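Below is one structure, written out as structure tokens; the observations come after it.
Any read-out appearing in this document is the output of simple, stated calculations on the displayed coordinates, not a laboratory observation. Please read all numbers here as calculations on a predicted model, not as lab measurements. We place every Cβ from the backbone using ideal geometry, glycine too, and count neighbours over all the protein chains shown.
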Amino acid sequence: MDRNAIEELRKVDVPPALHLIDGVRVAASDGGEMPVVSPIDGSVLTTMARGTAQDAAQAITAARQAFDDGRWSGMAPSARKVILLKWADLIDAHALELAVLGVRDNGTEISMALKAEPKSAAGTIRYYAEALDKIYGEIAPTARGTLGLVHKTPVGVVGAIVPWNFPLMIGAWKIGPALAAGCTVVLKPAETASLSFLRLAEVGLQAGLPKGVLNVVCGEGAIVGAAIAESPDVDVLVFTGSGATGRRLLQASARSNLKRVYLELGGKSPNIIFADAPDLDEAVAVSASGIFRNSGQVCIAGSRLLVERSIHDALVAKLKSMAEAMVVGDPLDPATQAGAVNSDQQLARNLAFIDEARAAGRDIVCGGTRILTDTGGYYMAPTIVAGVAQSDRIVQDEVFGPVVTVQAFDTEDEAIALANGTELGLAAGLWTSNLSRAHRMIARLRAGVVHVNTYGGSDMTVPLGGVGQSGNGHDKSLHAFDKFFDLKTAWIKL
Ligand code: ADP
């Protein structure tokens, strides 16, 4: 990683962030702005358009027009592919700039942001670009004298509302398959992480994305997000964020046009370590990364460690020494392992969980405090909380911070009861050398993804989606296309 280049980019002035509507950067219709605060040091980086419902409506109209006139959906798939591939290449060419801008905005450590943000977004757009002209309709096996055709048609205008932890990666998971399918998009980035996605969209225009095909409206969820969710002109809504917002989106759909709503609502993912794990040191090291990297601001973070009782105390001691050795701090330092918490609000929320656990007499094994306060930024020490009860809020609710709870178990049944004992079901981890046990556990764990003898790895070839209150629908893989195609049957008498 080029430290000098990062330091130069850190100093670049960030111009006021404007919406991207119909191919043009525009201010809010009422001129409203909001400050963009860097979690690195609490300084104001720039201002951002505080979008209005009118701005959202204007973007939706642009997307509707762009869809209906066929400038994108009517283009030959091979031509759409060329534009998307060029965009992916341009994102790669701008990777460091995009990563540093994003880190200044959201606080993720640069070592992770470089891999997980622009490169992943480029990879996602490339994946769907390569796939888009390999999708065929069907000829149904009907009786002679009739012809049944099943066309796959793009759904129309997609509303995408995304969170702040990985704005490019998660944004690309939504828009990649949507645009490849021929849909047009209005995306609302999170209040505290909009800058890099806006830049990514601008690079898309350079690649030849026709105007109006991808629109970005900044601002508050309750205003811009709500306007997208309520719009009768949005056909599909895709979302990653909190359960509370997910419920609002479903209600908005019910109140308006019954648009399809696909939700990824985070997790409270169990990471189960059996005494027969192939390598306990590796299990602890990977589990520590799986919860503490990006200060735990990862949907699939392994936030509940379940440990077989015979190794519980030794394992907690090892995890504690790793947590304490973790390099937390300046996210733009390539040596940093855990950057900033995204906002002062999120930090306060994390600490409130700890206060509650402490008040209930739980064992705060390490961390539990704000650190590096003199930087002005928002940092939290990696935190382990033991002696918790299954009903504790810190065990049931997603913290979205560098906080792991630890519980001991004796049997597989007990591990499953603890693991499945929350409303959420996004991911799970499992460490064992016993192949039969691994398969028994995979079958019983209530989760969209189960990691075995690793935690958190994946690539574009596999879907990601939750069960239970972690949501519905899948990002990544060819399955993600299902959200953006309608099936239209033509029944023809010959
Ligand atoms: P988080 O806890 O990750 O911030 P949120 O659900 O609040 O979760 O935010 C995720 C995204 O949802 C953000 O882009 C945010 O602006 C948006 N959002 C928040 N509230 C609403 C709402 N009432 N309607 C639509 N979008 C919203």
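Translational diffusion of segment 121-205, estimated by Stokes-Einstein from the Kirkwood radius over alpha carbon pairs at 4 °C in a medium of 1.567 mPa s, is 88 µm² per second.
Counting only DSSP beta bridges with both residues in segment 107-263, the antiparallel share comes to about 15 percent. A crude spin-label estimate for the pair L435 and S29, with each label 7 Å from Cα along the Cβ direction, gives 6.3 nm.
By its C-alpha gyration tensor, with a ≥ b ≥ c as the square roots of the eigenvalues, how is segment 391-494 shaped: rounded for a/c under 1.5, else prolate for a/b larger than b/c, else oblate? Note, shape of segment 391-494 comes out prolate.
Within segment 65-147, which trypsin sites (Lys or Arg not before Pro) sit in a loop by DSSP and count at most 11 neighbouring Cβ atoms inside 10 Å?
Sparse-neighbourhood loop trypsin sites (Lys or Arg not before Pro): R144.
Given their separation in residues at 0.36 nm each and the Cα-Cα distance between them, N453 and Q54 gain 138.6 nm when the chain is fully extended.
Among beta bridges identified by DSSP and lying wholly in segment 256-392, the antiparallel ones come to about 50 percent. Where in segment 256-270 is the amide nitrogen less than 16 Å from a point lying 7 Å along the Cα-to-Cβ axis of A360? Zone members listed by number: 268-269. Using just its DSSP H runs of length 4 or more, each adding -39500 (n - 2.57), the chain gives a mean residue ellipticity at 222 nm of -12000 deg cm²/dmol after division by all residues. With the alpha-carbon atoms of segment 15-64 aligned to their principal axes, the span from lowest to highest coordinate is 41, 19, 14 Å, starting with the largest.
Each of D69 and S310 was given a label point 7 Å from its Cα along the Cα-to-Cβ line. The distance between the two points is 7.1 nm.
Taking the beta-carbon count within 10 Å as an exposure proxy, list L214, L250, L464, L418 from fewest neighbours to most.
L250, L418, L464, L214
Using 0.36 nm times the number of residues separating L478 and D397, minus their current alpha carbon distance, what extension gain do you get?
Working it through step by step, the gained length comes to 26.1 nm.
Would you mind finding the longest exposed-site-free stretch of the chain, with exposed GluC sites (Glu not before Pro) meaning DSSP loop and at most 16 other Cβ atoms within 10 Å?
The segment 1-219 is the longest one with no such site.
Put a dot 7 Å past the Cα of L250, heading toward its Cβ, do the same for D413, and the two dots end up 3.2 nm apart.
Distance between Cα centroids, segment 263-311 to segment 174-253: provide it in whole Å. First find each Cα centre; the distance between them is then 31 Å.
Tell me, H19, H151, H474 in order of fewest to most beta-carbon neighbours within 10 Å?
H151, H474, H19
Using the Cα gyration tensor of segment 184-274, with a ≥ b ≥ c the square roots of its eigenvalues, what is the shape: rounded (a/c below 1.5), prolate (a/b larger than b/c) or oblate (neither)? Since a/c reaches 1.5 but b/c is at least a/b, the shape of segment 184-274 is classed as oblate. When DSSP beta bridges are restricted to pairs lying wholly in the chain, around 45% turn out antiparallel. When peptides 57-64, 172-179 are ranked by their average number of other Cβ atoms within 10 Å per residue, the highest-first order is 172-179, 57-64. Kindly identify segment 256-302 as rounded, prolate or oblate by the Cα gyration tensor criterion: order the square roots of the eigenvalues as a ≥ b ≥ c, call it rounded if a/c is under 1.5, otherwise compare a/b with b/c, prolate if a/b is larger, else oblate. Prolate, because a/c is 1.5 or more and a/b exceeds b/c.
Which FRET efficiency value, to the nearest 0.05, do you get for R10 and S78 by plugging their Cβ-Cβ distance into 1/(1 + (r/R0)^6) with R0 = 60 Å?
Working: r = 41 Å, r/R0 = 0.68.
Calculated transfer efficiency: 0.90.
Taking a quarter of the surface of the Cα convex hull of segment 305-423 gives a mean projected area of 8.0 nm². Using only alpha-carbon positions in segment 231-376, the gyration tensor eigenvalues give semi-axes of 34, 21, 16 Å once each is multiplied by 5 and square-rooted (largest first). With axes computed from alpha carbons, what is the tilt in degrees of helix 280-292 against the longest principal axis of the chain, rounded to the nearest 10 within 0 to 90? For helix 280-292, the angle is close to 60 degrees.
Relative to the longest principal axis of the Cα atoms of the chain, the long axis of helix 243-255 lies at roughly 30 degrees. Give the residues of segment 114-151 whose amide nitrogen is closer than 16 Å to a point set 7 Å from the Cα of K493 in the direction of its Cβ. Within reach of a label on K493: 143-148. For segment 8-95, with the dipole built from +1 on Lys and Arg beta-carbon atoms and -1 on Asp and Glu ones, taken about the Cα centre, which of A56, G23, P39 lies farthest toward the positive end? So the residue we want is G23. Evaluated over the Cα positions of segment 338-398, the convex hull gives a direction-averaged projected area, one quarter of its surface, of 4.2 nm².
The slack in the chain from R144 to D279, taken as 0.36 nm per residue of separation less the alpha-carbon distance, amounts to 42.4 nm.
Per residue, the convex hull spanned by the Cα atoms of the chain measures out at 152 cubic angstrom. Given R0 = 25 Å, the distance between the Cβ atoms of D92 and D344 translates into a calculated FRET efficiency of 0.15.
Listed by Cβ neighbour count within 10 Å, with the fewest neighbours leading, L149, L494, L132 appear as L494, L149, L132. For the cross-link pairs K11/K115; K119/K320; K259/K476; K320/K476; K119/K211; K11/K86, the ones whose C-alpha atoms lie over 26 Å apart are K119/K320; K320/K476; K11/K86.
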